[in-house]
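The next block holds one structure in the form of structure tokens; read it before the comments.
Quick note: the coordinates plus some simple rules give every number you see, no bench work behind them. Remember, it's a predicted structure, so these values are computed and weren't measured experimentally. With ideal geometry, Cβ positions are generated from the backbone for all residues, glycine too; neighbour counts draw on all protein chains shown.
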Amino acid sequence: MWIPTYNEPERMVERAILTCCNLDYPLLRITVLDDGHRPSIAALAARRGVHYLSREGNAHRKAGNLNHALNFCEEEFIAVFDCDFTPEPNFLRRTLGFFKDERVALVQTPQHYFQADFHSRNLGLDLLMPGDLDYFYHYLQLRRDQDNAVVCCGTSYVVRRQALRSIGGYVTSCLVEDFQTSTKLILQGWRVCYLNEVLSMGEVPRTFADFLDQRLRWMQGNIQIYFCGRELPIFRLGLRQLRWYLLPADLLAPLWRITYLLMPLLGLMLGFSVISAPVLEFIAYGGPFLLALYTLPNWLSGHYHHQFWMEVYETLFCFPALARMRRVLLHPFRVYGGIVTNKAVAQDRQRFNLALSWPLLLLLLAILLSMAIRYLLPAFDLLPRDRVEFDGEAVILSWNIYNAIVLCVAVLACIDQPVPAAADCFPIQQVARLDLGETCFWGITRMLSEDAVLLDLQSRPGAMPTGVGQLQLLEPGLSLPVAIKGQQGQALQLSIRSDESFDRSALLRLIYSSQHWFHAPRRLSSADALLAWLRSLWRPDPLLRRST
């Protein structure tokens, strides 16, 4: 098992090591692949009893790191987890059975996250909205699996060592290695499988800037495939496989989105319509199509796809994507942006990234000004009322109003909320006993994290307890060394102390278990998604909320 790392925090690497040690499988060899050459990570690996491997330089980024490890690997199968991911104990038992078929080279599982996407979090919809990648992992990957066109996603997968060696190792010519390597395996006749079961969880980018950096890097890697004709001759694929490469939605979406945003605005400003029809005729003919567009994909995908929110995601990504796409098409293999997504974020206040969001604000202002000049100012006799109506004007006006709402939601989503430096807390409720010397208190945990507990006491003590002690979680039989930090009403704030005798891996197994309701993939009907979309306007959490 490999845990590649570059510059991620030591806490994150240790969490990955401990959760990998929790895997229920014999003869497991865990190796930390440190491309940051850090003595502290080498010491951590030695302290936790796992292997450590580094190399000189950082040639070919993550792909080079993995290929270097391949030279020292003798195991038949390799599981790969980025260091910001935590596997379930049964991960290997659920995936290795696929390799009974000797044609299978790789088994990919979904990337699932224990945090909400930055836009859901910023809009106050943390526990409601599905992730923007859930549609890909829980619908598109299943469709691709039927055609042997599954995308390797860089983490949470198992690969056959012999298959990697047969293609010369991971693809190093592109900015990312995952999609390209699975494509090369498929081209060589191997089978790449997909298991649609959440068997690991990871961290998401916390800010708009980090989200864009990650997605732009993925986009560039996907574009580079079309410039690697010798190494990745995708036109040799079968027709069913090739269709997934000829019309890649993630590459074409920015072009459609900019057209969808600008065309009605130009129509309103210049007095023309691309839809020349009276309102009633448009409703009669276009209404059924719009109803199907906003409901059928949601139903067919198992309620993972939401057209309203997909348009918000595409709008957020549109302008940076077009700028990066232009640069990549001119210089496909030049490195732009970061090579690792920043996950170690801590900020104590709200931040609005104007440098990345100004195109959204400018376009929103242009729509509002155009409607004001054409309708509002003449109504107050501030401009002449001699404007000429054009066919389809009501449709174009409605389209602009809709785009303005999408832009408003996108702008609100760009207001990054405060991110505490402490580990994420989860609403895990466990019956617990707090032992403080000769005194004990009973209660139920309200929140639990890797380094803190909020404990609701069964009865209010006469005076606030102080000192250090042991917190016994009864159901998992886990004992935590704690110190009392403060009090919230009847709840005690406890910090978990560093103690060599403390089994931190058991705590991680409890916190990051996919059995918790809040870790399950979230799904919404079209009606609920529409209400959440509108709610973000009439109750704008990014403006009202001041702390987490």
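Kindly provide the GluC sites (Glu not before Pro) of region 402-503 that DSSP labels as loop, not H, G, I, E or B, and whose Cβ sees at most 12 other Cβ atoms within 10 Å. Could the numbers behind the result be given before it?
Details: sites: Glu438, Glu450, Glu500; in loops: Glu438, Glu450, Glu500.
Listed in order of number, the matching sites are Glu438, Glu500.
If the segment from Leu266 to Arg161 were pulled out straight at 0.36 nm per residue, it would be longer than the present Cα-Cα gap by 32.3 nm. Label point 7 Å out from Asp24 along Cα-to-Cβ: which residues of region 131-160 have amide N under 12 Å? Zone members listed by number: none at all. Ordering Gly477, Ala506, Ala491 by the projection of their Cα atoms onto the charge dipole of region 395-541, which places +1 on the Cβ of Lys and Arg and -1 on the Cβ of Asp and Glu, puts Ala491 at the extreme positive end.
The angle separating the long axis of helix 39-48 from the principal Cα axis of greatest extent in the chain is about 60 degrees.
Label-to-label distance for Thr439 and Glu389 is 7.9 nm, based on points extended 7 Å past Cα in the beta-carbon direction.
The fraction of all Cα pairs in region 203-262 landing in successive 5 Å bins from 0 to the largest distance is 4, 14, 18, 20, 19, 13, 9, 3, 0, given as whole percents. Scanning residues 5 or more positions from Arg446 or on other chains, those with amide H under 5 Å from its amide H are Leu454, Leu455, Asp456, with H placed 1.01 Å from N in the peptide plane.
Near Phe77, the amide H atoms lying under 5 Å from its own belong to Arg161; only residues 5 or more places off or on other chains count, and H is placed 1.01 Å from N.
Label point of Leu474 set 7 angstrom out along Cα-Cβ; within region 428-451, amide nitrogens under 13 Å from it belong to 430-434, 441-445.
Could you tell me how many cubic angstrom of Cα convex hull volume region 431-515 has per residue? Intermediate values should be presented prior to the final figure.
Working: hull volume 7.8 nm³, N = 85.
Spread over its residues, the Cα hull of region 431-515 gives 92 Å³ apiece.
Average projection, convex hull of the Cα set of the chain: 30.0 square nanometres. Neighbours of Gly238 by Cβ distance under 14 Å: Lys/Arg scored +1, Asp/Glu scored -1, total +4.
The chymotrypsin sites (Phe, Trp or Tyr not before Pro) of region 260-362 meeting both criteria, a DSSP state outside H, G, I, E and B (loop) and at most 16 other C-beta atoms within 10 angstrom of the site's C-beta, are Phe272, Phe333, Tyr336.
Can you give the angle from 0 to 90° between the axis of helix 279-300 and the longest principal axis of the chain, with both taken from C-alpha atoms, to the nearest 10? Its long axis makes an angle of about 10 degrees.
Taking amide hydrogens as placed 1.01 Å from N in the peptide plane, the amide H of Tyr52 sits under 5 Å from those of Val32, each at least 5 positions away in sequence or on another chain.
Report the gain in length on full extension from Asp147 to Ile401: 0.36 nm times residue separation, minus Cα-Cα distance, nm rounded to one decimal. Intermediate results must be reported in sequence, preceding the final value.
Values: separation 254, 0.36 × 254 = 91.44 nm, distance 4.07 nm.
Additional length available on full extension: 87.4 nm.
What do you get for GluC sites (Glu not before Pro) in region 1-70 restricted to DSSP loop and a cutoff of at most 11 other Cβ within 10 Å of the site's Cβ?
Numbers: sites: Glu10, Glu14, Glu56; in loops: Glu56.
Qualifying residues, ordered by number: Glu56.
Counting 0.36 nm for each residue step from Ala483 to Ser525 and taking away their Cα separation leaves a gain of 10.7 nm.
In this Cβ point-charge picture (+1 for Lys and Arg, -1 for Asp and Glu), the chain has a dipole of about 740 debye about its Cα centre.
Label separation (Gln347 vs Arg334): 2.8 nm, computed from points 7 Å beyond Cα along the C-beta direction. Relative to the longest principal axis of the Cα atoms of the chain, the long axis of helix 61-70 lies at roughly 40 degrees.
Residues in region 158-168 carry Karplus couplings, in order, of 10, 10, 7, 4, 4, 5, 4, 5, 5, 9, x Hz; the curve used is 6.51 cos²θ - 1.76 cosθ + 1.60 with θ = phi - 60°, and Gly or Pro positions show x.
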